[in-house]
Amino acid sequence: MAKAQEEELKEPTVCPECGSTELIGDYERAEVVCSRCGLVIDENLVDMGPEWRAFDHEQRDKRTRVGAPITYTIHDKGLSTMIDWRNKDIYGRDIPARNRAQWYRLRKWQRKIRISGATERNLAFALSELDRDSSRLGLPRSVREAASVVYRSAVDNKLIRGRSIEGVVAASLYAACRRCNVPRTLDEIAEVSRVTKKEVGRTYRFLTRELNIKLPPTSPVDYVPRFASELGLSGEAQSKAIEIIEKAMEKGLTSGRGPTGVAAAALYIASVLLGDRKTQRDVAEIAGVTEVTIRNRYKELTEQLEMGVTL
């Protein structure tokens, strides 16, 4: 009986008329329609969402009856309970003074039992370190989640032994940045972490080899939006720089060159062409390269692409 009800609740996946799998769910009309022949395959769909409506964030918080989603950035994935530090009960009333010592002991034991073994202690420290580094780099939530997954995989495969936690965290963060197309250089990662650039690079190569992580080389295009934003350049300048880089890639001018140097040179050329000129020093400081590197990449690009730009 229960199985029959479950089958009824499932949305159809194939049109019985023409056999098409291109179905459209019209949830305003509670119908499923075939996009090829127009047949209404199902109607009166059950709405799986909440029965209440909320018009702002505060209302949503008050009416929701579930907790936060699972997150890999907390050692227990955010599933454990927590006793609040404020001496108030669930209704907002003050806890009597005679019970406060008991609440203090409960809080202390709660903190202890949340981290039960050596593995959880390792995770708790590492993920707090990861969160700190991510905050300093201004990385989005998706990158933090991806880095946490890489670090957890390293723990599961026993790759932490003999290596510093900070080094593995930094390498996980670098791998996650590349995977999510939010590139950060090894120098930037090393600057916010407590390890050297050499150790970050060595640990990153070890993790990618042992965990079989396949990542394509970083493209100079990925760096353009961030550098342009920090330089205060327009969207037109960004588009021009990306166009220059794509032409250079077609001619093979970017192979064997650092992506940050190529991106910086392309942005410098774009700023000159559009009359919003930035100094080589400004561009070099933002990109983390030397002025000599920018001049070398600049000359290569302008000569090979025949752009006719003068310094």
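Mind counting the residues in the range 278-311 that are at pLDDT below 85 and either within 34 Å of the chain's Cα centre (by Cα) or at positive phi (or both)?
2
All but one of (1) out of contact with any helix residue (DSSP H, G or I) (no Cβ under 9 Å at 6 or more places or on another chain); (2) over 22 Å from ALA176 (Cβ atoms) hold for THR254, so report the exception by its number.
With respect to (1) out of contact with any helix residue (DSSP H, G or I) (no Cβ under 9 Å at 6 or more places or on another chain); (2) over 22 Å from ALA176 (Cβ atoms), THR254 is out only on (1).
Given the condition of a type in the set (S, T, N, Q) and at pLDDT 75 or above, answer yes or no: does some residue in the range 74-86 qualify?
no
If you go through the range 140-147 one residue at a time, do you hit one that is assigned to a loop (DSSP other than H, G, I, E, B), at pLDDT 90 or above, within 22 Å of VAL221 (Cα to Cα) and open to solvent by 50 Å² or more (accessible area, probe 1.4 Å)?
yes
What pairs come up if the first residue lies in the range 197-219 and is assigned by the TED database to the domain that holds CYS180, the second is β-branched (Val, Ile, Thr), and their beta carbons are under 6 Å apart, counting only those six or more places apart or on different chains?
Final answer for the pair search is VAL200/ILE189; THR203/VAL168.
Would you check if THR218 is in a loop (DSSP other than H, G, I, E, B) and open to solvent by less than 50 Å² (accessible area, probe 1.4 Å)?
Considered against the rule, which asks whether it is in a loop (DSSP other than H, G, I, E, B) and open to solvent by less than 50 Å² (accessible area, probe 1.4 Å), THR218 comes out as yes.
Considering the range 62-73 alone, what residues qualify as being over 30 Å from VAL169 (Cα atoms), of a type outside the set (Val, Ile, Thr) and either open to solvent by less than 90 Å² (accessible area, probe 1.4 Å) or in a loop (DSSP other than H, G, I, E, B) (or both)?
ARG65, the sole residue that qualifies.
Give me the pairs: first residue in the range 107-124 and closer than 30 Å to GLY162 by Cβ, second residue not in a helix (DSSP H, G or I), beta-carbon distance under 6 Å, and six or more apart or on different chains, which are they?
ARG114/SER80; GLU120/HIS75; ARG121/ILE115; LEU123/HIS75; ALA124/HIS75; ALA124/ILE115
Tell me which residues, restricted to the range 142-166, are in contact (Cβ under 8 Å) with a residue 60 or more places away in the chain and either within 12 Å of the chain's Cα centre (by Cα) or not assigned by the TED database to the domain that holds ARG202 (or both).
ARG144, GLU145, SER148, VAL149
Applying the selection to the range 64-73, what residues are at pLDDT 75 or above and aliphatic (A, V, I, L, M)?
ILE70 - this is the single residue of the range 64-73 that is at pLDDT 75 or above and aliphatic (A, V, I, L, M).
Exactly one condition in (1) more than 18 Å from ARG132 (Cβ to Cβ); (2) open to solvent by less than 50 Å² (accessible area, probe 1.4 Å) is false for ASN157; which is it?
Among (1) more than 18 Å from ARG132 (Cβ to Cβ); (2) open to solvent by less than 50 Å² (accessible area, probe 1.4 Å), ASN157 violates only (2).
Look at the range 74-127 and say how many of its residues are in a loop (DSSP other than H, G, I, E, B) and among the acidic types (Asp, Glu).
3
Working only within the range 174-199, note down all residues that are touching a Ser or Thr at 6+ places or on another chain (Cβ under 7 Å) and under 22 Å from GLY261 (Cα atoms).
Passing the criteria: ALA175, ARG178, CYS180, PRO183, THR185, ALA190.
In the range 225-237, is there at least one residue being over 19 Å from ARG277 (Cβ atoms) and not in a helix (DSSP H, G or I)?
The answer is no, given that none of the residues of the range 225-237 is over 19 Å from ARG277 (Cβ atoms) and not in a helix (DSSP H, G or I).
Filter the range 244-269 down to the residues that are in a helix (DSSP H, G or I), in contact (Cβ under 8 Å) with a residue 40 or more places away in the chain and either open to solvent by 10 Å² or more (accessible area, probe 1.4 Å) or of a type in the set (D, E, K, R) (or both) and list them by number.
Scanning the range 244-269 gives LYS247, PRO259, THR260.
Let's see how each residue does on (1) over 20 Å from THR71 (Cα atoms); (2) of a type outside the set (Asp, Glu); (3) surrounded by fewer than 22 Cβ atoms within 10 Å (Cβ to Cβ); (4) touching an Asp or Glu at 6+ places or on another chain (Cβ under 7 Å):
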site	(1), (2), (3), (4)
ALA118	yes, yes, yes, no
ASN122	no, yes, yes, no
VAL168	no, yes, no, no
ARG178	yes, yes, yes, no
GLU188	yes, no, yes, no
ARG194	yes, yes, yes, yes
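The values are calculated or read from the model by the stated rules, or taken from the named source; none is laboratory data. These numbers were taken from a predicted model, which means no experiment stands behind them. No Cβ is skipped: glycine too gets one built from the backbone with ideal geometry, and neighbour counts run over all protein chains shown. Only protein heavy atoms, including side chains, enter the accessible area calculation; ligands, DNA and RNA are left aside. Shrake-Rupley method; radii C 1.70, N 1.55, O 1.52, S 1.80 Å.
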